[in-house]
1. Please state the shape class of segment B:311-362: rounded when a/c is under 1.5, otherwise prolate if a/b exceeds b/c and oblate if not, all from the C-alpha gyration tensor.
2. In whole angstrom, how far apart do the alpha carbon centroids of segment B:181-230 and segment A:16-38 sit?
3. Highest mean first, what order results for B:332-339, A:305-312, B:278-285, A:94-101 on Cβ atoms within 10 Å?
4. Which one, B:G306, B:I289, B:G276, is farthest towards the positive end of the dipole of segment B:254-321 when Lys and Arg carry +1 and Asp and Glu -1 on their Cβ?
5. Counting only residues 5 or more places away or on other chains, whose amide H sits under 5 Å from the amide H of B:H284 once H atoms are built in the peptide plane?
6. What does DSSP give for the protein assembly as shown in terms of the percent of beta bridges that are antiparallel, rounded to the nearest 5?
7. Treating the beta-carbon of each Lys and Arg as +1 and of each Asp and Glu as -1, no other charges, what is the dipole magnitude of chain A about its Cα centre, to the nearest 20 debye?
8. What accessible area, in Å² to the nearest ten, does a 1.4 Å probe give for B:V209?
2 protein chains.
Amino acid sequence: MRDVEIIGIGMVDFGELWTDSLRSIWAGAALAALDDAGVSEVDLITVGCMSPGLFVGQEHLASLLADEIGMAGVPAGRVESACASGGLAVRSGFAEIAAGLADVVLVTGVEKMTDVDGADATYALGTAADQEWEGFHGITFPGLYAMLARAHTARYGTTREQLAAVAVKNHRHGLKNPHAQFHLDIDVDAVLQSTLVADPLRLLDCSPVTDGAAALVLASAERAAELRKGRPRVKIIGSGLSTDTISLAGRADLTELAAVRRAAERAYAMAGKGPGDMDLAEVHDCFTIAEIMAIEACGFCEPGRGGPVTEAGDTALGGRLPVNPSGGLKAKGHPVGATGVAQVAEIALQLRGEAGDRQVEDATTGLAQNMGGSGGSSIVHILEVV
Amino acid sequence: MRDVEIIGIGMVDFGELWTDSLRSIWAGAALAALDDAGVSEVDLITVGCMSPGLFVGQEHLASLLADEIGMAGVPAGRVESACASGGLAVRSGFAEIAAGLADVVLVTGVEKMTDVDGADATYALGTAADQEWEGFHGITFPGLYAMLARAHTARYGTTREQLAAVAVKNHRHGLKNPHAQFHLDIDVDAVLQSTLVADPLRLLDCSPVTDGAAALVLASAERAAELRKGRPRVKIIGSGLSTDTISLAGRADLTELAAVRRAAERAYAMAGKGPGDMDLAEVHDCFTIAEIMAIEACGFCEPGRGGPVTEAGDTALGGRLPVNPSGGLKAKGHPVGATGVAQVAEIALQLRGEAGDRQVEDATTGLAQNMGGSGGSSIVHILEVV
């Protein structure tokens, strides 16, 4: 298996991009990554996108987008695993290079979510849940995560304030990320007083609806050595996937994200590393409870300790293990198909030492954890400075 | 790069499966393939499906389906390239094993198209075209392929009867395939007298709307040697992808399927073979003109000779190079996401010598060509007896 490095990073400002189209947003990120890598040709384009069919009425997306940047003719394909589609795109590009089927791959993620109204967006997002067991009965994602929060609270005593601490931290981090959707300093009281969405989750516990795209250029170690000569290099040392039942009804335990745990275990095993070796992480905080459960599943703390360690500041910039220095899905925004790519982009940027005001000092190893639905799938990547 | 073999083949009967759900249809094919391979555990599940969001209101499909057969926890992901989604699923599984990231992969394709009415199915299929340049202006796929037929006729003199000869041949082949949607013996007159859909294409020039699934188990050569000891073995020796503009407006030439030509060239190069080495082929005959153009693009005849060679019987069972012995999309049916997997399944079955009444004698090498939209993407695989 060949070594795979990240040689290009491209992001656009996340937000409600009313005047842009899916293809223009995507092209912004893709061209930025190609420019950063210093390449104009690639062997393959992968696109992570959850539901262009429901959000913008367009499938066959990868061919369309290849053409958009003048690359009609280049092999291209889309991957989907709901909100983990971006992570799956990274995996897909990684596998092609590892196999020797490609030397340079443009890995991208995109979602244009604001071309439909709120009800249609909620419907589209709801297709990440089990439609027969969950969706058709009326539940949507805030309700599903509220059930996880209640189960976690019942077993571990996780408090309302601990949930709020996740949002407060990630919004503080987001202040330092120019690409973030929100630059908004909030405190615990603001979270506790925000509109109730699905008890115990309130508006400021939820990630927003976002338009955005992110891109990476991956390359074989040989090409990376040429193209990034004399500059910091970042390697993908671990890649792990797993699934779980997508309906909560099928789960053995609602207080653990088993797909995340298994994906992380696989990534750690491939990397020959453990949770204690990580200098920072980006995790999938689509709701505040998700971050608490994700850091437990990744082994950054014991089960049930996610709330307390967050409240203690361990996961803030400057803490023991900074989590979501980018602002996370909560503040940076959550264009679902783009998120998994943006997470890996943030870790790569940090490991290069190019993360500006939010730089984690002396970071050499980091983890990105992406998740689909309410934990029905998860994809974890571990990156390290070469 | 490690060698990859096909150790399991699973199909369900294609048709309008009103009483079945996407998940039950898929499970039928998946379990048949696992059974055929003699394995109960896999390292990865890939699912090719064009638009479960628009057809059945469900995304996050691979996790859902893994759970359906008791494999929640197994890594799983969906891929999409419109009607070439199945071919992309094969490629995805191939890459994972070639890289050494997996030893055994369940590769599947599925589409449930009849849960929506005809207009909604036409809309969903139309998302494989460029929505801004084509779909929003009202054209659908019969019209797009009619334009290709007219261009081909204008340059090469392809006749109405030659188009009909494709349908007649594939329906004859379909009579010998128990899984085919149609078992219907038609003649050229029947095609010429069928309802006009988009001049010059008539109803019997068009593939149908179909529910169906197909599955393969791929394995490393090492595992294949154990699991298929003493039985015929089939290896994937070539895999090629390419794209083109998905809108016809962007094409340099409407008389050639350039994505197919490039994908075939890549697959031939990897295999170290040429068109003359093939003993049979499955090509993407979503419309009769598509088969004529596909066999030209794969190099089975000179450009412009697709009609005459078909009319002469060269591509019929017993001819020089049997094309679509399964009945093709035309008679076997075209559940879009399943098609690319079903094509590879047919070639594998033929190379094992297990194709029953439609067996191509002494076949040792075959090609499967899958296509998205009106040629915006194509994926070609070449298989050979080990």
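1. Since a/c reaches 1.5 but b/c is at least a/b, the shape of segment B:311-362 is classed as oblate.
2. Distance between centres, Cα-based: 38 Å.
3. Numbers: B:332-339: 32.5, A:305-312: 22.0, B:278-285: 27.6, A:94-101: 24.0.
The packing order, highest mean first, is B:332-339, B:278-285, A:94-101, A:305-312.
4. B:G276
5. B:Q369
6. 75
7. 660
8. Taking all protein chains as shown, B:V209 has close to 50 Å².
The values are calculated or read from the model by the stated rules, or taken from the named source; none is laboratory data. In this text, all values refer to a predicted model and were calculated from it rather than measured experimentally. Cβ coordinates were reconstructed from backbone atoms using ideal geometry, including for glycine residues, and neighbour counts include every protein chain displayed. The accessibility values were calculated without ligands, DNA or RNA, using every heavy atom of the protein model including side chains. Shrake-Rupley method; radii C 1.70, N 1.55, O 1.52, S 1.80 Å.
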